[in-house]
Amino acid sequence: MFSPSQLEIIKQADLDQYLADQELFEKAIQNKNCDLLSDHSLLGFLQIANALYRAGEPVISDDLYDHVFLAELKKRHPEHPYLQTVEPEPAFTGKTVKLPVQMLSTEKAYNLESIEKWVEKIEKAASEIELNPEKLVYRITPKLDGYAAYDDGEHLYTRGDGRKGTDITRVFERGLTVAGNGKRGQGAGEIVVSKTYFKKNLAQYFDNARNFQASIIKEKDLNEHALAAIKTKAAVFYPFSQLPAWEGSAKQMLAEFDDLVKKVSTMVDYDVDGVVIEVTDESLKQHLGATRHHHRWQIAFKSNLESAEVKVLKVIPQTSRSGRVNPVAELEPTRLSGALISRATAHHYGMVKELGIGPGTIIELTRSGMVIPKIERVIIPSEPQIPDVCPSCGHELIWEGDYLYCPNSAYCPAQIEHIMEHFFKTLGNVDGFGRKTIEKLHAAGVSSVYEIYQLTQERLEDMGFGEKTSRNLMNQLIRSRTEPIEDWRFLGAFGIYRMGLGNCERLLQHHHLLDIFSLTVDEIIEIEGFAEKTAVVIVESFRNIKEDFFKIYNLGFNLIATPLLSEQAENQAGPVWGKVIVFTGTMKHGTREKMKKQAKKMGAKVASSVTGKTDYLVAGEKVGEAKIRAAKEKGVTVLTEDQYIEMIAD
């Protein structure tokens, strides 16, 4: 199903391990149905589709990616790490470096109600810092559908994975210009091409605009048509700060929302994918901050909402990692929002029991964008279909409020496999331990993460894994322990109830990792964001996982400790607190990495390249004069290593 050029992109992205499922991928695309895909295959296809799309050779439409495949992952695993991270751009020829700032994705909304709820959160946050919510100004801009990049004034980088990107400064050297005021160094934006120009001059040479945009970046020699588009400024780098915009109050925005969306979407002659809404007050932006996936002060809107009356065929129980048994309604296949829907979540068995959801029930089903199908209401109820035993292990289920649970956590295959799979997914620095591998390991008697780390290549081969696969799996286990990883991510991998990655990081900003097992409920409540009921559950959960945690911890992971807020506060009056520092050259007092970590601990912001926002360039040995001269021209203070050491010692 993939062309030779697509296969090359898949290989470069190191995703060829998933090509064995090509036939399943093709069936899923044809039927717009992911039922045949395992979790491992689904994740693999999402990564392949993303890599091909961003390389300009898409295998499916953006709509199908969002509304079928990505929605399926969200339905199966609402908190899956893939949904919480920036979808990576492919790597092109060039140096991969840390981006000057993180380039996050944008939270998406598909109806006015979601926008209204977002505005409520914004106004609540404004009140917290004594800003008048009625005085807030909102800005709406077109959501460009181009190629994301970041311009720091010296270099242009692809977005990459949001943290590291590829240096593609060569596109400016080829003559690409900056839209708007034409100035370099305006931060994030997108490489785009005029829709009118593309249709008239490029459509016969390129399959789509994204294919053209990718060619500008990756081709060593541009063809005459691409060069002409650059020369005529039909293709440009468009900084987000230069986009035309509507600005006004929340009251006006919500009252005229549909008209404003239509108006703003047509403000530019480029492909757009909705609009982006943000609040403009800088102090409020800083207060709101960001998740690992998106800025809280910004949201994208894409209109897409449909509903239909659908018949329920049966209700299927599925056991989760926590032991909760979730009801999934199997439906008569119905096309909704461009996808063939055959399943929908019923939330919990209390809802199934109360509303009468079973074979023959007629429901109103709604679907908005990539949001999973939702049972809006029951039109004609029937006898509810509620299981007595766990579908995975057959153990008798118990009720806790509206939820059914399987208490057989030590021996329930579904719970054991979900726990092991969750650990490796959350670490994020290990490949190969997806659903199929975990199922095969469990079938061979492996029932814990610790046991996986005790495996040998010989034992893996005895289990039926090939020699090459076994060797790769062993190498990945070594990689997972040797590559640096944040301690909050390591803690989150244990899947503790109410301890998502955000809460893990928040907790470790107040207590060291190895101290958390002795925390009391009162000590956790003292941390903002932790309520008493949550604290009680967390303390109990820590007690339950303590033995397994230390068995795995003692295997020796390369953990990056989260700086304590108390330690950071002590440094607020220090000489580098809040300063942007770049380290360059060979250091004699230690490695650059150690100096960077020390600077961060003292409250500094460490960057990888010098810009006009840099405060200090700390130059070690073997640093070119041109680099130092360029820094000084930007107004940056240049320090020798000894001068820097003396400054922070004061």
Can you list the trypsin sites (Lys or Arg not before Pro) in the range 602-647 that are in a DSSP coil and have 10 or fewer other beta carbons within 10 angstrom? K622
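Evaluate the relative contact order of the chain (contact order divided by residue number), counting alpha-carbon pairs under 8 angstrom at least 6 apart; express in whole percent. Mind showing how you got there, number by number?
Working: 1119 pairs, mean separation 66.2, N = 650.
Reported relative contact order: 10 percent.
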What list do you get for L202, L491, L83 if you sort them by fewest beta carbons within 10 Å? L83, L202, L491
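If I take R0 = 45 Å and measure r between the Cβ atoms of E376 and A649 in this structure, what FRET efficiency does the formula 1/(1 + (r/R0)^6) give, to the nearest 0.05? Spell out each step's value before the answer.
Values: r = 65 Å, r/R0 = 1.44.
Once the sixth-power term is evaluated, E becomes 0.10.
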Treat each spin label as a single point 7 Å out from the Cα along the C-beta direction, and report the I398 to T520 distance in nm. 2.8
Along its three principal axes, how long is the range 413-483 when you only count alpha carbons? Whole Å, largest extent first please. 29, 28, 18
If you take the C-alpha gyration tensor of the chain, multiply each eigenvalue by 5 and take the square root, what semi-axes do you get, largest first, in whole Å? 40, 34, 28
Rounded to the nearest 0.05, what FRET efficiency do E633 and D258 have when you use their Cβ-Cβ distance and R0 = 41 Å? 0.25
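With a Förster radius of 35 Å, plug the Cβ-Cβ distance of S307 and N429 into 1/(1 + (r/R0)^6) and report the FRET value to the nearest 0.05.
Working: r = 42 Å, r/R0 = 1.20.
Step by step, r from the Cβ atoms, then E = 0.25.
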Counting only Cα atoms, I'd like the Rg/Rh figure for the range 211-252, Kirkwood definition for Rh. 1.26
Arrange the peptides 457-467, 351-361 so that the one whose residues have, on average, the most other Cβ atoms within 10 Å appears first. 351-361, 457-467
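Enumerate the helices in the chain for which the Kyte-Doolittle hydropathy averages -1.0 or more and the C-alpha atoms extend at least 18 Å along the helix's axis, using complete DSSP H runs.
Working: long enough: 39-54 (23 Å, 0.34); 112-128 (24 Å, -0.65); 413-427 (22 Å, -0.07); 467-482 (23 Å, -1.28); 532-553 (29 Å, -0.01).
Result, helices passing both filters: 39-54, 112-128, 413-427, 532-553.
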With a sphere of radius 10 Å drawn around the Cβ of L331, what net charge do the other residues whose Cβ falls strictly inside it have (Lys, Arg +1; Asp, Glu -1)? +1
For labels at L555 and S249 in the simple 7 Å Cα→Cβ model, what's the distance in nm? 5.8
For the chain, give me every cysteine whose Cβ has no other Cys Cβ within less than 4.7 Å, ordered by residue number. C34, C504
When DSSP beta bridges are limited to those with both residues in the chain, what percentage is antiparallel, rounded to the nearest 5? 75
Taking every alpha carbon pair in the range 4-84, what does the distance histogram look like in 10 angstrom bins from 0, in percent? 18, 56, 25, 1
Calculate, in nm to one decimal, what N132 and S409 gain on full extension: separation in residues at 0.36 nm each, minus their alpha carbon distance. 94.7 nm
How high is the relative contact order of the range 305-405, in percent, with contacts defined as C-alpha pairs under 8 Å that are six or more residues apart? 30
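Compute the Rg/Rh shape ratio of the range 96-301: radius of gyration over Kirkwood radius, all on alpha-carbon atoms.
Details: Rg = 18.1 Å, Rh = 18.1 Å.
Rg divided by Rh gives 1.00.
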When I10, I628, I379 are ranked with the fewest other C-beta atoms within 10 Å first, the list becomes I379, I628, I10
Only Cα pairs under 8 Å and at least 6 apart count here; give the relative contact order of the range 566-649 as a rounded whole percent. 32
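Read-outs: derived from the displayed coordinates by stated rules, not from any lab. In this text the structure is predicted, and so the values were computed from the model without any measurement. Note that each Cβ is placed from the backbone with ideal geometry, even for glycine, and that neighbours are counted across all protein chains shown.
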